[in-house]
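A.B. asks: Before I ask anything, let me first share the structure, which is written out below as structure tokens.
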Amino acid sequence: MRHEISFTVNGERYDITVQSHHTLLQVLREQLVLTGTKNGCSEGECGACTVLMDGEPVNSCLVLGVEADGHEIITVEGLATDGHLAPIQRTMVELGGTQCGFCTPGILIAAHALLQRNPNPSEQEIREGLVGNLCRCTGYMRIIAAVREAARLQQADTLN
Amino acid sequence: MQPFDYVKPKTLEEASALLLQHNGQARPFAGCTDLLIRIERGFLHPDVVVDIKALPGMREVAVQPDGHLRIGAAATMNQVALHPAVLERWPLLAEGCASVASYQLRNRATVGGNLCNASPAADSAPALLCYEAVAHIFGPAGQRSVPLEQFFLGPGKTVLERGELLTAITVPPPAPGAVGHFLKLGRTAVGDISVVSVAVLGWPDLGAPSGTSWHIALGAVAPTPIRAAEAERLLGQDASPAGVEAASRAAAAAARPIDDIRASAAYRTDMVRVLTRRGVERVLAEMRAS
Ligand SMILES: Cc1cc2nc3c(=O)[nH]c(=O)nc-3n(C[C@H](O)[C@H](O)[C@H](O)COP(=O)(O)OP(=O)(O)OC[C@H]3O[C@@H](n4cnc5c(N)ncnc54)[C@H](O)[C@@H]3O)c2cc1C
């Protein structure tokens, strides 16, 4: 029922004991106290719990903590590098892509992953890329604008 | 969530033995996008979940030397939907897998889990039925293979017996010149469970009176995903606009849907007609263009 696991979260290594039936979301929030990742629906619909597992987004409410053994996790706390916000974090702030903020960590992770696999997404691709992340406040328009702007920033960065 | 144990066997024999040991209280565990929700809601109470993802070949998607596609049962929807060979030779299957939920869910949801969960709305099933896929099973009595059409018995029910696992799906190459499309109707344009889905595969066939042959499969409109055999036969006879209309009506007649929270049976039946017609027209247009 208890499992020793070793994994990295935001670049830091953890050796911890987890219960079989605890989700990765629970382990991150309750054992590592990384509470940026949110528990919305617990059913894979809302995307508030989205984290990167080996670079790919997953719903951490539908992954067991024990499955993270040997893997690399990035949460919203790990998106910034050396104190610099990732492009999508900057543009979400600048363009007001957030209101109550509950969905924001998941949106940031999903949008970041979208921009990694598709650096220049069309509006349709942005909408499809974020279909697994529900926001009840903003109406999405500013979020989509923020992703588009982040794509532009990212491309300007790579050109420089 | 109710506690359960977790084991990750390395061999098929070990996995099958574990499933037998716990007197039906052990469940195969793949992406757990169906399973965990059922446990959480209290519909299932397993003592132990058996993670099948480390079993040999379970995560692989590859074209075999005989030209058939082999999909390990625990390959994810994204692995299949984004695989270059699938996109090139089995694009209808890529469309079906890409239509499931969201990108992040498709990183976990597996094709085997989708089939074993046996929802009538399983979005990988209609395409696999059109391609006449075969399910490969391992269990206490060894290996056996079943045409996918015989795999489903009803909602949540398959031919899998206690101690058995789905290990892979193989998909024969389609006939030369085949064109296929998956039409999915959900409550939202993208990302929702199917209210109705129709997969259409057509190919040039000089032996058929219409010059074309067809496989058509329907999702979410019967206790299992089904083929629409009469619609297929009619299109082989006549693929003119009148023939397409008649075949679409035959597809609707094959549907045996229910009323539920997503749609009424009457609506579903009529949408089978509409989606079949659209799908066949699209396939015909692309066949003519090539
Ligand atoms: C938010 C959300 C949206 C969804 N949207 C869609 C959708 O649009 N279309 C769709 O088709 N589905 C959808 N689903 C359902 C689900 O994601 C899929 O059915 C998925 O493919 C299941 O795969 P899994 O690996 O997660 O299965 P699991 O949950 O791991 O397993 C499902 C069942 O099959 C059994 N099982 C799994 N693998 C095997 C095996 N190899 N041998 C024997 N038994 C096995 C398990 O014991 C369990 O009973 C959605 C689910 C969620 C949560």
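A.B. asks: Out of A:18, A:58, which single residue is within 10 Å of another protein chain (Cβ to nearest Cβ), within 16 Å of the ligand (Cβ to nearest atom) and either farther than 19 Å from residue A:134 by Cβ or not in a loop (DSSP other than H, G, I, E, B) (or both)? Full working, then the answer.
C.D. replies: On the way: A:18 fails: within 16 Å of the ligand (Cβ to nearest atom).
Exactly one of A:18, A:58 is within 10 Å of another protein chain (Cβ to nearest Cβ), within 16 Å of the ligand (Cβ to nearest atom) and either farther than 19 Å from residue A:134 by Cβ or not in a loop (DSSP other than H, G, I, E, B) (or both), namely A:58.
A.B. asks: On to the next question. Being more than 14 Å from the chain's Cα centre (by Cα) and either away from the ligand (no atom under 12 Å from the Cβ) or without any contact (Cβ under 8 Å) to a residue 24 or more places away in the chain (or both), is that true of even one residue in the range B:120-129?
C.D. replies: no
A.B. asks: Something else about it: Would you confirm whether any residue within the range B:75-82 is at the interface with chain A (Cβ under 10 Å from one of its Cβ atoms), touching a Lys or Arg at 6+ places or on another chain (Cβ under 7 Å) and either assigned to a loop (DSSP other than H, G, I, E, B) or within 14 Å of the ligand (Cβ to nearest atom) (or both)?
C.D. replies: Yes, the range B:75-82 contains at least one residue that is at the interface with chain A (Cβ under 10 Å from one of its Cβ atoms), touching a Lys or Arg at 6+ places or on another chain (Cβ under 7 Å) and either assigned to a loop (DSSP other than H, G, I, E, B) or within 14 Å of the ligand (Cβ to nearest atom) (or both).
A.B. asks: Sticking with this one: For the range B:6-47, which residues satisfy the criterion of being at the interface with chain A (Cβ under 8 Å from one of its Cβ atoms) and either among the hydroxyl-bearing types (Ser, Thr, Tyr) or farther than 28 Å from residue A:57 by Cβ (or both)?
C.D. replies: Listed by number, the residues that qualify are B:6, B:33.
A.B. asks: Could you look through the range A:39-55, keep only residues that are more than 21 Å from residue A:19 (Cβ to Cβ) and part of a loop (DSSP other than H, G, I, E, B), and pick out the one that is farthest from the other protein chains (Cβ to nearest Cβ)? Break it down into steps so the answer makes sense when it comes.
C.D. replies: At the first step, the residues of the range A:39-55 found to be more than 21 Å from residue A:19 (Cβ to Cβ) are A:40-41, A:45-48, A:50, A:52, A:54-55.
Then keep just the ones that are part of a loop (DSSP other than H, G, I, E, B); that gives A:40-41, A:45-48, A:54-55.
Numbers: A:40: 13, A:41: 10, A:45: 8, A:46: 10, A:47: 7, A:48: 11, A:54: 10, A:55: 10 Å.
Checking each candidate, the answer is A:40.
A.B. asks: Which condition from (1) outside any loop (DSSP other than H, G, I, E, B); (2) more than 12 Å from the ligand (Cβ to nearest atom) is the one that residue B:54 breaks?
C.D. replies: It is condition (1) that residue B:54 fails.
A.B. asks: All but one of (1) within 30 Å of residue A:130 (Cβ to Cβ); (2) within 9 Å of the ligand (Cβ to nearest atom) hold for residue B:200, so report the exception by its number.
C.D. replies: Unmet for residue B:200, out of (1) within 30 Å of residue A:130 (Cβ to Cβ); (2) within 9 Å of the ligand (Cβ to nearest atom): (2).
A.B. asks: Also: Select from the range A:1-32 the residues that are surrounded by fewer than 20 Cβ atoms within 10 Å (Cβ to Cβ) and β-branched (Val, Ile, Thr) and list them in ascending order.
C.D. replies: A:5, A:8, A:16, A:17
A.B. asks: What number of residues in the range B:37-50 are within 9 Å of the ligand (Cβ to nearest atom) and either aromatic (Phe, Trp, Tyr) or touching a residue at least 12 places away in the same chain (Cβ under 8 Å) (or both)?
C.D. replies: 4
Laboratory data are not the source of any read-out in this text; all were calculated from the coordinates shown. Computed from a prediction, not measured in an experiment: that's the story for all the values here. Every residue, glycine as well, gets a Cβ built from its backbone with ideal geometry; the counts of neighbours run over all protein chains shown.
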